[in-house]
Each structure stands twice: as structure tokens, then as C-alpha cells.
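All of the numbers you see were taken from the coordinates with simple rules; none came from a lab. Source: prediction; values computed, not measured. Please note: Cβ atoms are built from the backbone with ideal geometry, for glycine as well, and neighbour counts cover all protein chains shown.
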Amino acid sequence: MENASKALLIAAGVLMLIIVLSALVLMMSNLTDYQEQSYKATADAQTTEFNNQYITYARDDVRGNDMVSLMNRIVDYNARYESSGYTTMHIKVYMKGNNTKLAYDGTNRLVTKSEYDETTIKEIVGEPTLNGSTTTGKIRTIEQKYEQKYANQLASEISNIEAILNDRGLSTSQKNTEFDKEKWLPKSASSYGGIDTIYQDALVYYEYVQFKRAYFDCKKDSTKYDEDTGRIIYMEFECTGIGV
């Protein structure tokens, strides 16, 4: 009888141990599931947040100034994360023969290609420096030289600048003087290299201003997503014309 009681106690102890171990296994499994779900929810939220930065451009009649913002975003993203294991962003922009409509005199000095991708759009918007604080390129160089508001002023007055430059009755110094009278810049023309140099810069910046006024349609069927992360990795746009 005593042995039978001991056997029952041992059996009960084993059963309790099995119950406790089962509970621990179930708890660990639930904890693992919770952690996985929490990680997935966080990853999904990050993916949604990331995609929302680009989905806003997935529409027709995107203005050129928005395209400049998108281009800058992609250039900056690729420069920051290309070496960190993230999939780089890719973009294709087709000008569709609208290049010459951007130029003041029909000769492109900035948007010279019929199509651009993530490796060439830097020719338009500039290329980030290593610290990411400034960019280099024709436009940024002009903006740093004159300040953005004065660069816009030059673009808007380009026909008047051209008229002064082409006035054969004036010497070079007189042309600079006539330019200075208009107060288009805070300093004298000679301090920027003279009216001819200013005119050449104005031609480039005029083209940039026109690019920002252009319209672009997103080719939504061409948008691609990373199979593993769900992040947008490719977009295409077509220039449909120049706006006002």
C-alpha cells in the first residue's frame, strides 16, 4: 500500500512537471508569436511610412517642382543607404521631346538628355556631398553664387539682360553699367564676372525654372516593389508639356 502511494505521488509529480513544462513551452511560443507579430507590425508601419513618401507622386500632372523634390529625395536616399544593405531606389524620367521647350533659345544647357535615371538626375538637381548638407552641380553653384531669389530674378529678366548684352552701341563696361542700373543683383555685374557670364548663368537657371513648371505623368503600372520588404524601388514618369 505504501509503495502504491509513493507511485501515485511520483506520478502526480511527473504530471505536474509535464504541466509546468507545457505551460512554459506554450508561454514561450506565445511570447515568440507576439514578438514576431510586433516586429511585423513595426516593419509594416515602416514600409507604409516609407512608401507614402513616394506614393504621393504616383499621379498624373505632377509639377516639375514636385519632380525636383522627388529627384532630390531619391538622390539623397541612394547616397545615404547604398552601402548599408538597403535596396536602392530607381527612377526613369522621359522628357518625350520637351527638352527644347525648356530652353530660352532652344539650346539646352541643363536638361540635355531625352531620359534620366537615378544616376543622371543629379545633373539636374545636383549631387549630395559626403556630409549631405549641400549639393554640387550647375544649379546649386548658381544659387550659391547669386542666392536663389536673385537667380530667379535673373531668369525672369533674361530677355532684358539679352537686350543689354546685344546692344552694339555700348561697350562692355557700359553694358555692365546699364545692367547695374536695373538693380537685379545686390552687387555690381563685374563682381559676378560681367554681364556675359551673368547671362550664361541666367540661361541655365531659366531652363531649371521651366523644368519646375513642366508637367509629368507617373506610369503607375511600371511602379515596382521589393519582394522582401514591400518598399517601392522603381518609378517611371513622362514629361507631358510645359505649364504656366
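Residue pairs exceeding 31 angstrom between C-alpha atoms, taken from 96/181; 101/183; 181/212: 96/181.
Ignoring the sites themselves, the chain has its longest run without GluC sites (Glu not before Pro) in a DSSP loop having at most 13 other Cβ atoms within 10 Å at 1-81.
In this simple spin-label approximation, residue 112 and residue 220 carry label points 7 Å from Cα along the Cα→Cβ vector, and these lie 3.7 nm apart. Mean sequence separation of contacting Cα pairs (under 8 Å, at least six apart), scaled by the length of the stretch 60-242, corresponds to a relative contact order of 32 percent. Over the Cα atoms of the chain, each weighted equally, I'd like the Debye log10 I(q)/I(0) at q = 0.08, 0.10, 0.17, 0.18 Å⁻¹, rounded to two decimals. Evaluating at q = 0.08, 0.10, 0.17, 0.18 Å⁻¹ gives log10 I(q)/I(0) of -0.48, -0.64, -1.22, -1.29.
Under a Gaussian network description of the chain, with springs only between Cα atoms under 10 Å, the residue in 102, 165, 26 that fluctuates furthest is 26. Taking each DSSP H run with n ≥ 4 as -39500 (n - 2.57) and averaging over every residue of the chain yields -18000 deg cm²/dmol at 222 nm. Directionally averaged projected area (the stretch 137-210, Cα convex hull): 4.3 nm².
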